[in-house]
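Please treat every number below as a calculation from the coordinates, not as lab data. Remember, it's a predicted structure, so these values are computed and weren't measured experimentally. When we count neighbours, we look across all protein chains shown, and the Cβ atoms used for this are built from the backbone with ideal geometry, even at glycine.
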Amino acid sequence: MSLQEREILNKTEINILISRLTRQLIENHNLFQQSVLIGVQPRGIYVANRLQEKLKELSGIEVVTGSIDTTFFRDDFRRKDKPLLPSVTNLDFSIEDKKVILIDDVLFSGRTVRAAMDALLTYGRPSSIELLVLVDRRFSRNLPIEANYVGKYIDTLSNERVEVMWQEIDGTDKVILVKK
Amino acid sequence: MKGLSTKHLLGIEHLEKEDIDMIFQVADNFKDIINRPIKKVPTLRDITIANLFFENSTRTKLSFELAEKRLSADVVNFSAASSSVKKGETLIDTVNNILAMKVDMVVMRHPSPGAAEFLSKHIDSVIINAGDGTHEHPTQALLDAYSIREKLGNVSGKKVVIVGDILHSRVALSNIHCLQKLGAEVKVCGPLTLMPKYIESLGVKIETNLKKALEWCDVANMLRIQHERQEIKHFPSLKEYTLQYGLTQEILDSINKELVIMHPGPINRGVEISSEIADSDSAIILDQVENGVAIRMAVIYLLAGKI
């Protein structure tokens, strides 16, 4: 099986998208007094961290940020060969009556977001949940879920995979499309 | 990442170190979940688990049942006292009848050593051993080691002494295997009449003097004297056992060292451990019970992935 790679976003483009998404958040959340960022494990947390940094840079606001693991709420347990091993949920604040901004790197089938919302609701009742994604693979949804904030829309085939790479773990910031 | 190396949990003896590490890692997540306002996840909503207890149990049975319910599995309970076993049904027939009702996993406690392994060879289902006679009690050993890891940061390099009735104890055997696999050093302490003949072949040293054992160790795991398993007298009287091997404030004061005190329960207060010690800050007995639910959730979760 040969893998073909195509770069969709480079470091500069990702930075521009993060800046734009941050400004959109500021427009809707003002001073973020009742708002929290929650990254979806495992890879949404990197987007959440970038947004948190950018927000501080642009407006000096330090927004409360956490992460949520969806493993035990997924609907594909026992439908995969490998076991699903959980990541850490890090929510050391109450989400009761908060405006939650749920953050992930790629929106594809919508199933992870569904699981993340279920997982989130076990911690309390937020006043609202919004969804922010860096990349939206549109026309590929299995569930009626759409993002409120989108970095970039990408049209893909089902045998393609979108990979978002980050400096912290992969050595560079870029988004690539991999064809199986 | 691979899953567990085994389809059943029959004993610690055949587990790999990687299996134990994986169970601990998943248990960390479940420990977090059972401390939330909503202590439940929907993961196993399509699974049914039968708890078969051919021998009495309070803690283990409750702990398994809670673990199953926290994972949203359907649970059926069975205890030998109120069953057709009394009418002469064999173990395999009993279990096959239960499985015919579409049960996916069996948790079994049985008075005969090897019962779980025997069942796993004749039954097409996932088996978790919840104690088989004097053989193994794997989930207890896992939760004990997990509690040591939680309290001291690591199991590797720690010195653990298991005190008391080693001869009749499945907890002791499973603990020895588990602690050694994780790199701890283990000694056993108690009267020689309560030591199994070949215990030293497991790489475990015997210490008959409690004070010396306590001076050596970081963790003391106090076992219960199992009155119900003693057909003959192994020591003259309970009073004499307590004088020699009972853990009291005096003996702890005399060694002048911080120890972690464990007990798998049920406690015979004033026999193997004094009330004062059992209720003290160095005792992690109730932490063990809490961790038991998280560990059992992790074991069930990882094995359910193989169904």
Cβ-based charge dipole, the protein assembly as shown, positive-most Cα from B:H263, B:S79, A:Q4: A:Q4
Looking at the protein assembly as shown, send over the antiparallel percent of its DSSP beta bridges, to the nearest 5. 15
Among B:H110, A:H29, B:H227, what is the fewest-to-most ranking by other Cβ atoms within 10 Å? B:H227, A:H29, B:H110
Under unit Cβ charges (Lys, Arg +1; Asp, Glu -1), what dipole magnitude, rounded to 20 debye, does the protein assembly as shown have relative to its Cα centre? 900
No solvent, one uniform scatterer per C-alpha: report log10 I(q)/I(0) for the range B:138-288 via the Debye equation at q = 0.09 1/Å, two decimals. -0.24
Average projected area [Cα convex hull, chain B], square nanometres: 16.0
So what's the back-of-envelope 222 nm ellipticity for the protein assembly as shown, counting only DSSP H runs of four-plus at -39500 (n - 2.57) apiece and dividing by all residues, rounded to 500? -10500 deg cm²/dmol
Given chain B, what percent of its DSSP beta bridges are antiparallel, to the nearest 5? 0
Taking +1 at the Cβ of each Lys and Arg and -1 at the Cβ of each Asp and Glu, which of B:Y241, B:S282, B:S156 sits farthest along the dipole of the range B:138-288 towards its positive end, judged by Cα position relative to the Cα centre? B:S156
With no solvent and one equal point scatterer per Cα, compute the Debye intensity ratio I(q)/I(0) for the protein assembly as shown at 0.07, 0.09 Å⁻¹ and report its log10, rounded to two decimals. -0.48, -0.73
Helix hunt in chain A: which complete DSSP H runs extend at least 20 Å axially by C-alpha with mean Kyte-Doolittle at least -0.5? A:11-29, A:44-59
Where does each of B:L252, B:L173, B:L152 land when they are ranked from fewest to most other beta-carbon atoms within 10 angstrom? B:L152, B:L252, B:L173
Cα centroid separation, the range A:66-143 to the range B:205-276 (Å): 49
With +1 on the Cβ of every Lys and Arg and -1 on the Cβ of every Asp and Glu, and nothing else charged, how large is the dipole of chain A about its Cα centre, in debye rounded to the nearest 20? 500
Cα-Cα pairs in the range B:13-84 separated by more than 18 Å, as a whole percent of all pairs, come to 54
Name the helices (complete DSSP H segments) of chain B with a Cα length along the long axis of 27 Å or more and a Kyte-Doolittle mean of at least 0.5, or state none. B:285-304
Cα gyration tensor category, rounded, prolate or oblate, for the range A:11-156 with a/c compared to 1.5: oblate
Under 29 Å between alpha carbons - lysine pairs in the range A:11-156 that sit 8 or more apart or on different chains: 11
Given B:K39/B:K257; B:K69/B:K205; B:K69/B:K121; B:K61/B:K306; B:K151/B:K197, which pairs have Cα atoms separated by over 30 Å? B:K39/B:K257; B:K69/B:K205; B:K151/B:K197
Per DSSP, the loop-located trypsin sites (Lys or Arg not before Pro) within the range A:1-101 having at most 12 other beta carbons within 10 Å are A:R79, A:K80
Treating only the Cβ of Lys, Arg, Asp and Glu as charged (+1, +1, -1, -1), what charge dipole size does chain B show about its Cα centre? Round to the nearest 20 debye. 380
Defining a contact as two alpha carbons under 8 Å apart and six or more residues distant in sequence, what relative contact order in percent does chain B show? 20
